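Since every read-out is calculated from the coordinates, none of them should be taken as a lab result. The shown structure was predicted, so the numbers you read here are calculated from the model rather than taken from an experiment. Here Cβ is always computed from backbone atoms with ideal geometry, including for glycine, and neighbour counts include all displayed protein chains.
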Amino acid sequence: MKQKLVVLTGAGISAESGLKTFRDSDGLWEGYNIEDVATPEAWHKNPSLVQQFYNERRKAVLEAEPNKAHVLLAELEKHFDVQIITQNIDNLHERAGSNNICHLHGEIVKSRSTRNSDDIYPISGWELKMGDLCKSGHQLRPHIVWFGESVPMIELAAEIVSDADVFIIIGTSLQVYPAAGLINYTKPETPVYVIDPKQITLNNKQVHFIQEKAVAGVEQLFNLLIN
Ligand code: OAD
């Protein structure tokens, strides 16, 4: 049986694909207040602005390409049972060929009904507009977890992490809960690798830290795991 490799990714893995991270100095939120675009209150107050913000993000995602870090993680499936848990709303893991992806914070290429959160649709192209309706006639919103909303996939993700033989964290500042708490679900003997160009502090956890950008870091880790 293949070893179970679980990978938690954040915005940093897509940085080398040209998508901006949230908390680095030239971050995505610049020009937009989080409260104005990524909360249920924002949606009630000014849904067109929220749509515009996510339309811009969607356009950027569609124009971006997966980088070698995404590609190598997909390639690891030849050797391991790989499960990706991503905080990213982009679809670069999918487009690189990974098969098992759990999106904690939703998916930018999908919309969902404002009446029924299980009623989810693919979006064709980059634009979701006011007036675009679900099959029962209610406005569609981006299929994104906003601040203040619950994270329905977190229990499944915690279960996946608790089953990991190897746990890898790539490109996340681990500032946002509940995702940041997932590391606490690993078995005590499970090795944890962290790839990030910035030093990440993890309380009470012995980790193998690879201080590199995602592409160089995943290349290094790939060689370590395969050889
Ligand atoms: P952050 O912007 O908080 O953190 C990005 C991390 O990536 C930082 O630790 C950077 O040092 C690192 N980084 C930068 N460039 C990198 C590179 N080339 N390779 C590898 N790492 C690099 O992004 P997240 O931790 O993903 O939530 O943010 C978590 C959540 O906060 C997001 O999912 C989003 C946001 O609010 C929602 O939208 C619900």
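Tabulated values for the structure
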quantity: Charge-dipole axis of segment 29-168 as Lys and Arg at +1 and Asp and Glu at -1 on Cβ define it, positive-most pick from Val145, Asn67, Gln87; calculated: Val145
quantity: Estimated FRET transfer efficiency (Thr114, Asp36; beta-carbon r; R0 25 Å; 0.05); calculated: 0.85
quantity: Lysine pairs with alpha-carbon atoms under 20 Å apart, segment 68-227, spacing 8 or more or separate chains; calculated: 7
quantity: Pairwise FRET efficiency - Thr201 versus Lys4, Cβ, R0 = 41 Å, nearest 0.05; calculated: 0.95
quantity: Diffusion constant of the chain at 20 °C, which comes from Stokes-Einstein with the Kirkwood Cα-pair radius and 1.002 mPa s, µm²/s; calculated: 118
quantity: Qualifying GluC sites (Glu not before Pro) in segment 98-192, DSSP loop, other Cβ atoms within 10 Å at most 10; calculated: Glu189
quantity: Computed lengthening from Asn99 to Glu219, 0.36 nm per intervening residue step minus Cα-Cα distance; calculated: 41.2 nm
quantity: Ascending count of other beta-carbon atoms within 10 Å, so fewest first, for Lys110, Lys45, Lys135; calculated: Lys135, Lys45, Lys110
quantity: Prolate/oblate/rounded label for segment 1-122 (Cα gyration tensor, a/c 1.5); calculated: prolate
quantity: Ranked Leu76, Leu224, criterion: other C-beta atoms within 10 Å, fewest first; calculated: Leu224, Leu76
quantity: Rounded to 5, percent antiparallel among DSSP beta bridges of the chain; calculated: 30
quantity: Residue-by-residue Karplus 3J(HN,Hα) for segment 3-17, coefficients 6.51, -1.76, 1.60, Hz, glycine and proline x; calculated: 5, 8, 10, 10, 10, 9, 10, x, 3, x, 6, 9, 4, 6, 8
quantity: Exposure proxy order (Cβ contacts within 10 Å, fewest to most) of Ile168, Ile195; calculated: Ile168, Ile195
quantity: Estimated distance in nm for a label pair at Glu155 and Glu56, the labels positioned 7 Å out from Cα along Cα-to-Cβ; calculated: 3.7
quantity: In range of the label at His44: residues from segment 94-120 whose backbone nitrogen is under 17 Å from the point 7 Å along Cα→Cβ; calculated: 114-116
